[in-house]
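Written out below as structure tokens is the structure these notes cover.
The values are calculated or read from the model by the stated rules, or taken from the named source; none is laboratory data. Since the model is a prediction, treat every value here as computed from it, not as a measurement. Neighbour counts run over all protein chains shown; Cβ positions are idealised from the backbone, glycine included. These area figures cover heavy atoms from the full protein model, side chains too; ligands, DNA and RNA do not enter into them. Shrake-Rupley method; radii C 1.70, N 1.55, O 1.52, S 1.80 Å.
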Amino acid sequence: MSTPGLDKLSQVIAQTVLLALLPAAGCGGAQPWYPVPAQRPPLGEGAPGSLGHFVYMSQPDADIYIVQGMRPQSEGPWRWTHDRPVLRFYLPEVGRIRFQMDFSFPEDRFRETGPVTVAFAANGRVFDRVRYDHPGAQHYDRPVPLDLLHQNAVNLVAVTPDRTALRPGGERLGFVLTSAGFAE
């Protein structure tokens, strides 16, 4: 015959042992250890009024990114370019990097120019040429060789269309720029 208090004590001890062993039941041995990857800050926005890695033409400080070749005033969240627009960007120390640009060829100007080939240059050296065969919105996104870029410094990017539309008064219009800059 068993004693009720002893049976209860045996059950509590058995449950305690089971609970203590439970965490180890699913382990298959020591887990491999991996070092933390090298850390660097992501491309971030500069302080207001200072150069960053990317610009939207709608930004109040967009003018500080423009070196030449663009209308002085924005007509909205975009800006007309001329024959050889040049922009400047500050790049921190970076790894692989891409140049991105959103722009468009308005239909009425495209009728005048026809297909346009655009040369992309970083710090005076061309890294790509792209032919655009139709008007409308365009998106450019390509890697830039690191040897063309200055790290922790200002970089100049020229985006040169081979054809522009002539306006009354002699103004030449290239394309409409919405945004441009570097991304990882």
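Looking for something within 28 Å of Asp61 (Cα to Cα), open to solvent by 50 Å² or more (accessible area, probe 1.4 Å) and touching a helix residue (DSSP H, G or I) at 6+ places or on another chain (Cβ under 7 Å) - is there at least one such residue anywhere in segment 115-131?
Among the residues of segment 115-131, at least one is within 28 Å of Asp61 (Cα to Cα), open to solvent by 50 Å² or more (accessible area, probe 1.4 Å) and touching a helix residue (DSSP H, G or I) at 6+ places or on another chain (Cβ under 7 Å), which makes the answer yes.
Scan Arg167, Arg131 and give me the residue that is modelled with pLDDT of 95 or more, more than 16 Å from Val55 (Cβ to Cβ) and of a type in the set (Lys, Arg). Show your work before the answer.
Working: Arg167 fails: modelled with pLDDT of 95 or more.
Exactly one residue qualifies, and that residue is Arg131.
Quick one: Trp78 ticks every box in (1) closer than 17 Å to Glu184 by Cβ; (2) open to solvent by 40 Å² or more (accessible area, probe 1.4 Å) bar one, so which box is it?
(1)
For segment 65-87, indicate whether the set of residues that are under 16 Å from Phe120 (Cα atoms) and in contact with a helix residue (DSSP H, G or I) (Cβ under 7 Å, 6 or more places away or on another chain) is non-empty.
So far as segment 65-87 goes, yes, one or more of its residues are under 16 Å from Phe120 (Cα atoms) and in contact with a helix residue (DSSP H, G or I) (Cβ under 7 Å, 6 or more places away or on another chain).
Within segment 135-169, count every residue that is assigned to a loop (DSSP other than H, G, I, E, B) and among the charged types (D, E, K, R).
Residues in segment 135-169 being assigned to a loop (DSSP other than H, G, I, E, B) and among the charged types (D, E, K, R): 3 in total.
For segment 149-167, does any single residue satisfy the condition of being free of Cβ contacts under 8 Å to residues at least 40 places away in the same chain and not basic (Lys, Arg)?
The initial filter retains those residues of segment 149-167 that are free of Cβ contacts under 8 Å to residues at least 40 places away in the same chain, namely 167.
Retained after the next criterion (residues that are not basic (Lys, Arg)): none.
Within segment 149-167, none of the residues are free of Cβ contacts under 8 Å to residues at least 40 places away in the same chain and not basic (Lys, Arg).
Out of the residues in segment 88-103 meeting the condition of being open to solvent by less than 30 Å² (accessible area, probe 1.4 Å) and outside any loop (DSSP other than H, G, I, E, B), tell me which one is farthest from Tyr56 (Cα to Cα).
Here is the first cut: in segment 88-103, the ones open to solvent by less than 30 Å² (accessible area, probe 1.4 Å) are 89, 91, 94-95, 97, 99, 101, 103.
Restricting the remaining residues to those that are outside any loop (DSSP other than H, G, I, E, B) gives 89, 91, 99, 101, 103.
Values: Phe89: 12, Leu91: 16, Phe99: 14, Met101: 10, Phe103: 11 Å.
So the residue we want is Leu91.
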